[in-house]
1. Suppose only helical runs count, i.e. DSSP H with n ≥ 4. What mean residue ellipticity at 222 nm does that imply for chain A under -39500 (n - 2.57) per run, divided by all residues and rounded to the nearest 500 deg cm²/dmol?
2. If each residue's Cβ is checked for other Cβ atoms within 10 Å, how do A:Thr20, B:Thr39, C:Thr123 rank with the fewest at the top?
3. Starting from the amide H of C:Asp368, placed 1.01 Å from N in the peptide plane, find each other amide H under 5 Å away whose residue is 5 or more places distant or on another chain.
4. What is the distance, in nm, between label points placed 7 Å from the Cα along the Cα-to-Cβ direction at C:Arg437 and at A:Asp70?
5. Based on the Cβ-Cβ distance from C:Glu151 to A:Ala338, what FRET efficiency comes out when R0 is 35 Å, to the nearest 0.05?
6. What number, rounded to the nearest 500 deg cm²/dmol, is the helix-based mean residue ellipticity at 222 nm of chain C, given -39500 (n - 2.57) per DSSP H run of at least four residues and division by all its residues?
7. Once each part is reduced to its C-alpha centroid, what is the distance from the range A:285-320 to the range C:229-283 in angstrom?
8. Which trypsin sites (Lys or Arg not before Pro) does the range A:38-121 hold that lie in a coil by DSSP with at most 16 other beta carbons within 10 Å?
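Throughout, read-outs are computed from the coordinates displayed, never taken from laboratory work. What you are looking at is a predicted structure, and each value in this text was computed from that prediction instead of being measured. Using ideal geometry, Cβ is built from the backbone for each residue, glycine included, and neighbour counts are taken over all protein chains shown.
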Amino acid sequence: MNLILEPIVKILIVLFINLTLVSYLVLIERKVSAYIQNRIGPNRVGPWGLLQSVADVVKLFFKEDIVPKDANKFIHSLAPVISVVVAFSTFAVIPFGNKITLYGNEYNLVIADVNVGVLVILALTSLGVYGITLSGWSSNNKYSLLGGLRSSAQMISYELSMGISLIGILLMTQSMRLTQIVAEQGGYIFGFIPNWNIFLQPIGFIIFLVSTFAETNRLPFDLPEAEEELVGGYHTEYSGMKFGLFFLAEYASMITASAFIVTLFLGGWQAPFIEYFNFSPFVISLLQLSAFAIKVLFVLLFFILIRWTIPRFRYDQLMNIGWKVMLPLSLLNLIVTAFLILINIL
Amino acid sequence: MLNLYDYIFYFFAIVILGSSFVVVFSRNIVHSAFALLFTFFGVAGFYVLLSADFLAITQLLVYVGGILVLLLFGVMLTNNIVNVEIKSGTMQTLPASLIAALIAGLLCGIFYVSNWYLVPTTPELLNNTTAVAIGYAFITTWILPFEVASVVLLVAMIGAVIIARREKAPEVE
Amino acid sequence: MLEQVYNSLQFIKPELILVGTLLVSIIVDLIFKNKKVVVAFVILGLVLSFYYLTFLNSINQLIFFNMYAIDPFAYFFKIFLLVATIGIVLFSVLSKEISDLKSREGEFYYFLVALTIGMFLMTSSTNLIMMYLAIELTSLTSYMLAGFMKEEKSSSEASLKYVLYGAFSSGMMLYGISIIYGLTGSFDLLAINMAIADGVSSLALLISTVLMFVGFGYKISAVPFHFWTPDVYEGSPISVTTILSVASKAAGFSMLMRTAKIMFIDPYAAPTVNDWQIIDSVPIVEILTILSVLTMTLGNLVAIWQSNLKRLLAYSSIAHAGYLLLGVLTMNNEGYSATLIYFVTYLFMNVGAFLIVMLVSNKLNSSDIDSYKGLGMKSPFIGVMFALFLISLTGLPPTAGFVGKLYIFAALVNKKLILLAVIGVLNSVVSLYYYVRIFRNMFLRESDIETPEIKLSLAEKLLILVFAIPTIGLGLYFAPLVEFAHASVEIFSGN
């Protein structure tokens, strides 16, 4: 019974936290952008605008759901669902903490500890393109279609360098299990730098970060929805809660991507220097959980700051960077890493 | 007596068969491509049932994440932008279905009649991770096919570029 | 484990050099604007590969974990393939179609190298996965080469038809391979052979064998898998047509012969020199007989109606595949060596005939049979040489074609397959009819319009002679060839 109940409870908790985080992420984004642009931002609903997200959700629920006349109804409705499902399900393999002991039972703080976890995430992210492509196609609108096509081209191009930049880590860890990858990032380099992959694989980290921006369709790579050119891009013809789902999916995949970056490069739930203090195991578990949360929030903030400070690329520039810079660079990174491992430096 | 394993098997089997029927018989080529998505998922499910985890994920990554996206991409570009009707109807229905039925019957027949080579399933076989074993196999026993496959892919890639490249207008010298 | 990999490397030097040539040529092609540099590199690589190949003449062993056989049989075919490829590279240098490709010219030559790699792998593979990969490599490059003149509608059409048939047949073959794996649990030909000898379900085995023969039949363009042949041969650049009709066919045959011998010969029977004991659960000889009779009869009958020389030669090459299958279906050393002899003669006469068709179409822009009217009188050198190649293709003495046919029919008669021998001879008579039509046009008819005299450069004349001299020479003095073929039928079979 425990075998089934335990994952369900974990799924519910993670889902709840993610959904809450999404709604406040929207608020944070609006606040941050306001400060960057020297404005105040939402401040009317609730104290400091804290209930703004609730208002937004309620608004989306009550909006009319309009489906274009010649749209393909079935696929039109299915596309946002695919986006959301993919964005949330990816979180299943990410370890958000070490073990925790509650009422005498030990629980692993990961929903599914799959031994090809890295590949699962890559596979699921590559499915995300379907939501966008199909929504673009089924809307029967040229702007939507162009947005959909752009996104599939963009995501396919950046998936390659994304995958290859990870192989360096896999070579060092000799495992594709995410818990193993996080566990390997304990300890220190030279006794004081945390043994995180960002320090061992700096080029890999940069490539991965840039590719993540492209994969999540965030600025400066948000060409699928470039407002100035494509009205709203792939979701031009969506309204009401279907649009809300796309909105949800975008932020959820941002969270998942941040969690993935933290897991792979920033030590996951590892909290450095924690062993110098005499905490009880339960406190350590809690500290590790919060270390993970803080890191994720930090990466999310970085995502938002980038969005409001850097202008959008042109489409040909985007493709050039992907194929002519990122891909060769990631291959070079792989070769250098393999060579260093061969001569026993890494 | 059917156990859980069998139920899951039949579930995936129905998914594969049902979706491949849509692939073949749908008149709308985007629907066909879309149904192919479920066929690939079903096959990945089979791999999971056979505890071939690496293969299952690779199936998703390569076929669903790569090949099918490109397929949809091509279909959308030609179908919606260029306004070319892609014909996906059927011709010669009667002889084709007769031959197909004959071949299907024959193949189903031999699957029942024949004695297949069976590998005894051991717990190690079921629980070991396959990724490491596949990796070692690729650089030892199967190194030659592995390398040959890379030559095949290189040639295919250059070939695709040659076909797709737009020829420059003759230069005026 | 790794020692075996290192040890195996020394036996595939020719293949490694070809792969190296491919990679270097790709880069050279990017750097140099003059594409003749690529040609030079390609020829250098092929010759170097030939040099290293000659060291492997008496080696007989399996390498790379039983995936790849280095044996006299493979040696024979690799020599054959390299000679053919070098010949066709020289041939292409003279071709107007290829030098008109401009920026793509370099790619054409290194694709020929890639094709050679694929064919090398086909001759030596003893593992079904390797065989499949080799076929794919050969097929992919062939599709590309067939459609290389992509501005021409016929070339693109040829390529597309080739791809469709190729994809279908390789799918069938893969299905057959999967059934064989399911029956025997192995991809290794020797292991499959043992499993079959120990008994497997015969109906499934029959079906999987037939499915695999779809793949082979497609490569050697045997009827009923030949539908792509005329269109592809007509639409492709002539140098590609030539390599497809000679080298690619040879590679397909070598694979078919190796598979037939290793998979279906009873490993428990006492080894005999000449007559091989075939496992009786598979009607391999019957399958080959049906293929052979269909192939040569249909090829010859349809060739009669062709008015385009490229199509005519395409059907004639289908018919020749039928004669070659006659040698294979005897399933003994004599028949196999007869097939090898036939291949060598076929190389010279067929490439020679295509060469002349190419040179004429360079000048006249036509391969139509009517444009050959009066050609023999206007340009006697071309006329005589073409006549020589056609006589040889018919199989009349004193040419090489006669020797090839003689050995095949002798093998049939010795195996007491008199009826098949008679069918073969009757087919040769039919083929005489359509070859004679070309003679008649060349020498006995006046041309309706003014045909210009075709002036050949010295290089072109020399190249024709390179193929013409062996066509006569092998018809008169063929002992060394026969000896080489006899020594080369030894296929690595495990015991």
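1. Roughly -21500 deg cm²/dmol at 222 nm, from the helical runs in chain A.
2. Ranking A:Thr20, B:Thr39, C:Thr123 by Cβ neighbours within 10 Å, fewest first, gives A:Thr20, B:Thr39, C:Thr123.
3. It is C:Leu309, by chain and number.
4. Inter-label distance under the simple model: 5.3 nm.
5. My answer for the efficiency is 0.20.
6. For chain C, the value works out to -24000 deg cm²/dmol.
7. The two parts, judged by their Cα centres, are 60 Å apart.
8. Here the trypsin sites (Lys or Arg not before Pro) that fit, given the DSSP loop and packing criteria, are A:Arg39, A:Arg44, A:Lys63, A:Lys69.
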